[in-house]
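Rule-based calculations on the coordinates, nothing more; no lab input. Just so you know, these numbers come straight off a predicted model, no measurement behind them. Cβ sites come from the backbone with ideal geometry, for glycine too, and all protein chains shown count toward neighbours.
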2 protein chains.
Amino acid sequence: MISHMGRTTRPAAGPRRVRDPTVHQAEILAAARDCFSEFGYARATIREIARRAGVTHGLVIRHFSTKEDLFVASMPGLRDLDDIVIGDPTTLPERVAAAFVERMDAAAAADPIVALIRSAATNEKVAVALYQSMQHRSSVAFRRVVKGRDADNRIDMLNAILIGVTFNRYVVRVGPVASMPPKRLVAQLARELRHILFD
Amino acid sequence: MISHMGRTTRPAAGPRRVRDPTVHQAEILAAARDCFSEFGYARATIREIARRAGVTHGLVIRHFSTKEDLFVASMPGLRDLDDIVIGDPTTLPERVAAAFVERMDAAAAADPIVALIRSAATNEKVAVALYQSMQHRSSVAFRRVVKGRDADNRIDMLNAILIGVTFNRYVVRVGPVASMPPKRLVAQLARELRHILFD
């Protein structure tokens with residue numbers, strides 16, 4: 001995890017270090033998450049993201065083609081999803097629920113999924129494109145373990161319950177789901193995800 | 001169901017009819033739904049709602065105290081919830097799923113829940129208050145049939161999945177849940193609601 005303090009206090013015109021592409025990518029993604037949550041998707045610019053990451057506009061484009069691609073890539077849940085899906089299928093629901101709650105409880109205010117939910121209201125077309133990319137990545141990841149004719153329906157119902165929990169716990173922040181201790185929520189959510197995906 | 005055509009084409013200055021309070025209430029609620037979905041919660045005014053319902057501002061207040069109360073009362077799902085919950089508990093999940101999909105498929109664009117999701121992004125404080133009222137009414141209704149220590153958690157997880165399905169199917173409108181035939185969605189949703197509430 002890149003420290004926000006570290007990034008923002010680094011002098012803008014310090015001595016040039018040679019950094020490998022992975023570091024660049026991580027800094028760009030961290031800057032993107034900051035900008036999307038601070039300005040929302042529509043008002044965040046690649047120029048500002050590049051500035052905060054300490055790289056050129058061109059380098060951001062070289063790594064992530066478009067703002068949309070950058071947005072989707074900057075969503076922590078989606079980046080980690082492939083790693084989470086790999087492994088023992090019998091504990092998949094627990095891993096997904098734990099990763100989701102842990103990530104969101106740590107920094108929901110800075111999470112692009114919250115920004116996405118917010119922009120669905122104010123900038124529908126953009127939200128639709130982003131949401132579709134998100135669904136697609138979720139579907140590709142889960143398709144490796146969820147089989148059967150109705151796999152896509154099950155996976156999208158999983159998307160729905162995660163969006164709803166996000167809405168209750170991290171956007172509106174009221175009610176039992178919002179105030180449940182993390183462990184309890186992970187257990188209840190895992191139970192529902194297991195049913196949605198496999199039962 | 002009050003016809004929108006009927007309401008909007010009725011002459012504003014026709015002969016006064018004596019109408020019973022139930023009729024007034026129904027017309028106010030229909031006008032409220034129109035206004036909330038057209039203007040959003042924040043910009044909808046009781047004055048405009050009264051005008052469209054053909055009643056006085058004072059009568060709206062007499063029936064529904066505040067704009068918040070009027071908003072919650074105008075949500076079709078919540079008004080009908082008590083009726084839906086009463087009845088055979090074994091078919092409750094199917095009744096809830098069917099009522100939800102039927103109502104939303106018929107007129108999602110004019111549904112206050114969609115307006116509420118939209119205003120969560122633009123006017124958080126208002127959305128919080130409304131959302132809390134909604135959760136409270138949902139909890140009171142379902143508490144009559146869902147028992148046990150974790151009843152409130154289960155009921156709020158039901159709220160979450162309905163919010164998520166609303167988001168996928170009626171706000172963003174992309175993906176498998178959005179494009180599923182109603183019957184199929186009712187069946188899948190009922191299955192999940194049964195698990196969430198009772199298993």
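Just need the Rg to Rh number for the protein assembly as shown, please, alpha carbons only, Kirkwood Rh. Working shown, then result.
Details: Rg = 23.2 Å, Rh = 22.7 Å.
With Rh from the inverse mean 1/r over Cα pairs, Rg/Rh is 1.02.
The charge dipole of the protein assembly as shown, taken about its Cα centre with unit charges on the Cβ of Lys, Arg, Asp and Glu (plus for the first two, minus for the last two), comes to roughly 760 debye.
Tell me the angle of helix B:124-142 to the major Cα principal axis of chain B, expressed in degrees between 0 and 90 and rounded to the nearest ten. Here the helix axis deviates by roughly 60 degrees.
What separates the residue B:69 label point from its copies, with the point 7 Å along Cα to Cβ, is 5.6 nm, written shortest first. When residue B:90 is represented by a point 7 angstrom out along its Cα-to-C-beta vector, the spacings to that point in the other copies are 3.3 nm, nearest first. With semi-axes defined as the square roots of five times the eigenvalues of the C-alpha gyration tensor, the equivalent ellipsoid of the range B:42-114 measures 29, 14, 9 Å, largest first.
For the range A:98-153, the calculated P(r) over all alpha carbon pairs, in 10 Å bins from 0 to the bin holding the longest distance, is 21, 36, 36, 6 percent.
May I ask which residue of A:65, A:119, A:139 lies farthest towards the positive end of the charge dipole of chain A, with charges of +1 (Lys, Arg) and -1 (Asp, Glu) on Cβ and the Cα centre as origin? Selected residue: A:65. Along the range B:176-192 the Karplus relation, 6.51 cos²θ - 1.76 cosθ + 1.60 evaluated at θ = phi - 60°, assigns HN-Hα couplings of x, 5, 6, 9, 4, x, x, 4, 5, 5, 4, 5, 5, 5, 4, 4, 6 Hz to successive residues, with x for each Gly and Pro. Label-point distances for residue B:184 to the equivalent site in the other copies, using a point 7 angstrom along Cα→C-beta, read 3.8 nm when ranked shortest first. For the residues B:113, B:86, B:155, a GNM of chain B with alpha-carbon springs under 10 Å puts the largest fluctuation on B:86. From the largest down, chain A spans 56, 35, 32 angstrom on the principal axes of its Cα atoms.
About the centre of its Cα atoms, the range B:116-172 shows a dipole size close to 200 debye [charges on the beta carbon of Lys, Arg (+1) and Asp, Glu (-1) only; nearest 20 debye]. Helix B:76-85 and the long axis of chain B differ in direction by around 50°, with both axes built from C-alpha atoms.
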